[in-house]
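Take a look at the structure below.
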Amino acid sequence: MSQRSLPSSVRPTPRLAGLACLIAGLAISFGSPGQAAGPNDKVYDSVVRPFLVKHCLDCHGEDAAKARLRLDKLPPEFSAKEPSGSWGKVLDKLRAGEMPPEKRPRPAPAEVRQVQDWIRAGQVAADEAQQQAQGRVVLRRLNRVEYENTIHDLLGIDTRLQGLLPEDESVGGFDNNARALRLSAVHLERYLETADLALDDAICNDRDPPETLRKKYRFRFKGNGQAAWTLSKDDYEVFFMAGSIAYSLRDFAAPRDGRYRVRIHAFAYQSEQPVTMRVGAGDIYALNGTSATAGDVTRHLVGYFDVPPDKANVVEFVDWFHPNDTIRIDPYNTLRNYADLSQYRNGKIDMAEYTGPGLAVGEIEIEGPLVERWPPESHRRLLGSLPMVAVPGAKTKRKYRMDPPRPLFVVSSPEPAENAERILRKFLPRAFRRPVTDAEVKPFVALVQSRLKEGYTFEEALRVGLKAVLCSSEFLYLKEKPGRLDGFALASRLSYFLWTSMPDGELLDLAAKGTLVEPAVLRKQVERMLRDPKAHRFTENFLGQWLGLRDIGATMPDPTLYPEYDELLKVSSVQETESFFEELLKTDLSLLNLVDSDFSMLNERLAWHYGIPGVKGQEFRKVKLPRESGRGGLLTQASVHKVTANGTTTSPVLRGAWVLKNIIGQPAPPPPADVPAIEPDIRGAVTIREQLAKHRQNASCASCHAKIDPPGFALECFDPIGGRRDSYRATVGELVFVDVAKGWRIGFHKGRPVDASGELANGKRFRDITEFKRILLEDKDQIARNLTEKLLVYATGSVIRPADRAAVEAIVTRARAGNYGLRSVVHEVVQSPIFLNK
């Protein structure tokens, strides 16, 4: 990221100008809630009111002192707030069979259906009235992930920006929901800052390309204590154990930011099988423990690589380095295959006597920053070939210790007013993702021209205009008109659904021609977009929120109870779920595989963890699951087990609620505020099932736990890191040792036995996770309905509303006819009236 130090004769971009433009551009009307609507009053008087009097008002009427919901004063009218309103709560209770209570006389099914139908009709009528006037989706701001991707694709830069913005709230399970994306004073401040940073990176202030470094390096150790785990052998340095700070390449530090190509010559030492090499990158001082800098800018994982015993092997990758960045290399799972390491600790023996496998690293070739053209694409995309002139006596600011100061150049123009207008006219349609009128261009041009008249340089004045564009409401918001989406609004909705970013040139061209709205053209574009690498953003963000994979690192498992947990298992478990979803999507396999499947996507580390033989190497591949493995589908994947546990223990309540919400689509009600949480006993004296049995003796808790606990019990055969278990691990008790990977043994205390059986609220029993999955698949439509609704919420930025139900059911019906193919369901979502209308 370029940082400039301007002389006093060169004015900085004024903050007040950008702030004024931002505030003016964000004077937005969000509209008001829908008008009240009422269903057929005759039905209310003849059916609904008598039903309430007979079955409900004893507990929810005037004489019920503790009634939370008074139905005697509930008017027969509906608003767009349903189904979250009072009538929506009545419908939920009737649909679930929870009201009237069990001890009360049960109404006839036909009576219940009549009341339910009346409520649904009222909800739909109110919702349709609002949608006709305002649309189902309110004005939506880009969330911070969408904002960063849009800036990257618009300007052609890689600057990390989302971390500078406030975290987005979540509604309906997703942070792109329009009602969650509020705008605060903090947002206003941060948008100004991020626009400056983005333009700093996009506009080049070096006239000449940076010198490309091409150099070979070697690790050099001189026998200190840290090097006791290494061995110098010929032209190689052999690493036997991970964790030493000496494994950072201290002779190299990136001179400036950019893309660097790294080629590592390495081979497996004293091993006929490949060994795994971990490569990380980051600030050289942080990697060596001499910097207090923290965060993802400091260090990040490049990847895990399989290194065969062949000496000619080269591992090559290209990574983005910041100034001062270097690499760190660690062997993975080499010394661990010895049960007793005490004799090797603290360099007590000469590593030349060690006969186990190691990682031999030779030359490391580094080339960069890689420059294909100069000025870079981001600069040319904005400014074309305008000349650059030196600022007398000015130097770029030294932000990093090893970043040398350079002469400062700025973009110049012989016709500043004309060129500024030309640039803005070209930039605005791309930034606003639609054609712009002369009236829309005029304020930005006037802003630049006013700065030019004040004596600002061409680049400074132009930056004011560009910054104002990036802070305007037309850039920050997805604006749609009620009714059918036009081609440009549809292009944006489609691109933010599948790419989490702005539409590309092809989508905008089709929108301009008016053909994108045609079903055949739309289907062809969905196919093209799903084949594009940017579609992985959809997988990452949709699964990250739907399944909670973003929280995979929120807790760290207790190393005493789960010593086998490591970084590779963490990243592999997330990649399994993402690769599994993408395999279903790519080949249009049935979405029912999400509940149960005969395959998964595994690498060697995950196969070790699952006890599945025959998988070698850290590359992911499709693996047929042995029947006895107990695996198959999301509910048996380690990522799900990790995010539904606290790292030390599992709770059937948390896992059961997760299954109800994310897989079945029937979320449990929130717990009462005055009921304490149940903490599992890690001493092993009592099981969580026994604790819950005592908890359910409270009548007010029993009804909810009858629905929540059984799905959680089914997952009790999986520990907090996704391993199969027959008994809990505890801090006291019988000490056992288990071989988990290549002879590596772990020890833990054995606790009470695990019971993964249960009985669902409908009376159906299961003995284990396999039978539970079989019960879930008895209602295939509900599994498809749930995923359809999740996709629609994510795609449109609005929760499912009563008027949407018919369209959802139509998608489910077509999905059933097509064997519930996942790719087909995505197509149906895009072609649905919910997606095609505001």
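Using beta carbons and a limit of 8 Å, which pairs, at least six apart or on different chains, have the first residue in the range 522-539 and closer than 18 Å to LEU836 by Cβ and of a type in the set (A, V, I, L, M) and the second one surrounded by fewer than 18 Cβ atoms within 10 Å (Cβ to Cβ) and modelled with pLDDT of 95 or more?
That search, which allows pairs on different chains as well, returns LEU522/GLN831.
Here's the yes/no breakdown for (1) within 24 Å of GLU148 (Cα to Cα); (2) modelled with pLDDT under 95; (3) in contact with a Leu (Cβ under 8 Å, 6 or more places away or on another chain); (4) open to solvent by less than 10 Å² (accessible area, probe 1.4 Å):
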residue: PRO414; (1), (2), (3), (4): no, yes, no, no
residue: PHE427; (1), (2), (3), (4): yes, no, yes, yes
residue: ARG430; (1), (2), (3), (4): yes, no, yes, no
residue: VAL436; (1), (2), (3), (4): yes, no, yes, no
residue: GLY455; (1), (2), (3), (4): no, yes, no, no
residue: GLU459; (1), (2), (3), (4): yes, yes, no, yes
residue: LEU476; (1), (2), (3), (4): yes, no, yes, yes
residue: GLY483; (1), (2), (3), (4): no, yes, no, no
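So, ASP509, is that one under 17 Å from ASN837 (Cα atoms) and modelled with pLDDT of 95 or more or not?
So ASP509 does not fit the description; no.
Search the range 269-307 for residues being charged (D, E, K, R) and at pLDDT 60 or above, and hand back the single one that is surrounded by the fewest Cβ atoms within 10 Å (Cβ to Cβ).
Once the filter is applied, the top-ranked residue is GLU272.
Have a look at LYS93, LYS73, LYS103 and point out the one that is modelled with pLDDT under 80, out of contact with any strand residue (DSSP E or B) (no Cβ under 9 Å at 6 or more places or on another chain) and farther than 26 Å from ARG801 by Cα.
It is LYS103.
Need the failing condition index for ASP558 against (1) open to solvent by 20 Å² or more (accessible area, probe 1.4 Å); (2) without any contact (Cβ under 8 Å) to a residue 40 or more places away in the chain, just the number.
Looking at each condition in turn, ASP558 falls short on (2).
Kindly provide the set of residues from the range 163-222 that are free of Cβ contacts under 8 Å to residues at least 12 places away in the same chain and not in a loop (DSSP other than H, G, I, E, B), ordered by number.
The answer is ALA185, GLU189.
Select, from GLY548, GLY487, GLY544, GLY465, the only residue that is in contact (Cβ under 8 Å) with a residue 60 or more places away in the chain and either charged (D, E, K, R) or surrounded by 17 or more Cβ atoms within 10 Å (Cβ to Cβ) (or both).
Criteria check complete, one pass: GLY548.
Within the range 544-578, which residues are among the hydrophobic types (A, V, I, L, M, F, W, C), outside any helix (DSSP H, G or I) and under 27 Å from PRO331 (Cβ atoms)?
Passing the criteria: ILE552, MET556, LEU561.
So that you can scan it fast, the table gives a plain yes or no per residue for (1) more than 26 Å from THR212 (Cβ to Cβ); (2) open to solvent by 20 Å² or more (accessible area, probe 1.4 Å); (3) among the small types (Gly, Ala, Ser); (4) modelled with pLDDT of 70 or more:
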{"position": "LYS311", "(1), (2), (3), (4)": "yes, yes, no, yes"}
{"position": "ARG328", "(1), (2), (3), (4)": "no, yes, no, yes"}
{"position": "ASP340", "(1), (2), (3), (4)": "yes, yes, no, no"}
{"position": "ARG345", "(1), (2), (3), (4)": "yes, yes, no, no"}
{"position": "GLY362", "(1), (2), (3), (4)": "no, no, yes, yes"}
{"position": "HIS379", "(1), (2), (3), (4)": "no, no, no, yes"}
{"position": "MET402", "(1), (2), (3), (4)": "no, yes, no, no"}
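Condition check ((1) closer than 18 Å to LEU594 by Cβ; (2) crowded, with 19+ Cβ neighbours inside 10 Å) across all residues:
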| site | (1), (2) |
| --- | --- |
| ARG765 | no, no |
| LYS773 | yes, yes |
| ILE783 | yes, yes |
| LEU787 | yes, yes |
| LYS790 | yes, yes |
| ALA803 | no, yes |
| ALA806 | no, no |
| ALA810 | no, no |
| HIS827 | yes, yes |
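What's the total number of residues in the range 622-638 that are surrounded by 14 or more Cβ atoms within 10 Å (Cβ to Cβ) and more than 22 Å from the chain's Cα centre (by Cα)?
7
In the range 184-208, which residues are surrounded by fewer than 15 Cβ atoms within 10 Å (Cβ to Cβ) and of a type in the set (A, V, I, L, M, F, W, C)?
Those that are surrounded by fewer than 15 Cβ atoms within 10 Å (Cβ to Cβ) and of a type in the set (A, V, I, L, M, F, W, C): ALA185, VAL186.
Working only within the range 301-317, note down all residues that are over 24 Å from the mean Cα position of the chain (by Cα) and touching a residue at least 60 places away in the same chain (Cβ under 8 Å).
PHE305, ASP306
Here's a check for you: in the range 746-760, which residue that is part of a strand (DSSP E or B), touching a helix residue (DSSP H, G or I) at 6+ places or on another chain (Cβ under 9 Å) and open to solvent by 40 Å² or more (accessible area, probe 1.4 Å) is farthest from PRO559 (Cα to Cα)?
For the range 746-760, the residue satisfying everything is GLU759.
Restricting the first residue to the range 825-836 and requiring it to be farther than 14 Å from LEU585 by Cα, which pairs with a second residue that is open to solvent by 10 Å² or more (accessible area, probe 1.4 Å) and among the β-branched types (Val, Ile, Thr) meet a Cβ separation below 9 Å and a spacing of at least six or different chains?
ILE834/ILE800; LEU836/VAL517
Can you tell me which residues in the range 698-727 are open to solvent by 40 Å² or more (accessible area, probe 1.4 Å) and modelled with pLDDT of 85 or more?
Hits for the range 698-727 are LYS707, ARG724, ASP726.
Looking only at residues that are among the aromatic types (Phe, Trp, Tyr) and at pLDDT 90 or above in the range 241-264, which one is nearest to VAL318 (Cα to Cα)?
Filtering the range 241-264 for residues that are among the aromatic types (Phe, Trp, Tyr) and at pLDDT 90 or above, the one nearest to VAL318 (Cα to Cα) comes out as TYR260.
Between a first residue in the range 504-521 that is surrounded by fewer than 15 Cβ atoms within 10 Å (Cβ to Cβ) and a second residue that is in a helix (DSSP H, G or I) and of a type in the set (Val, Ile, Thr), which pairs have beta carbons less than 8 Å apart while being 6 or more apart in sequence or on different chains?
THR515/VAL521
The values are calculated or read from the model by the stated rules, or taken from the named source; none is laboratory data. Bear in mind the structure is a predicted one, so any value in this text is a computation, not a measurement. Using ideal geometry, Cβ is built from the backbone for each residue, glycine included, and neighbour counts are taken over all protein chains shown. Only protein heavy atoms, including side chains, enter the accessible area calculation; ligands, DNA and RNA are left aside. Shrake-Rupley method; radii C 1.70, N 1.55, O 1.52, S 1.80 Å.
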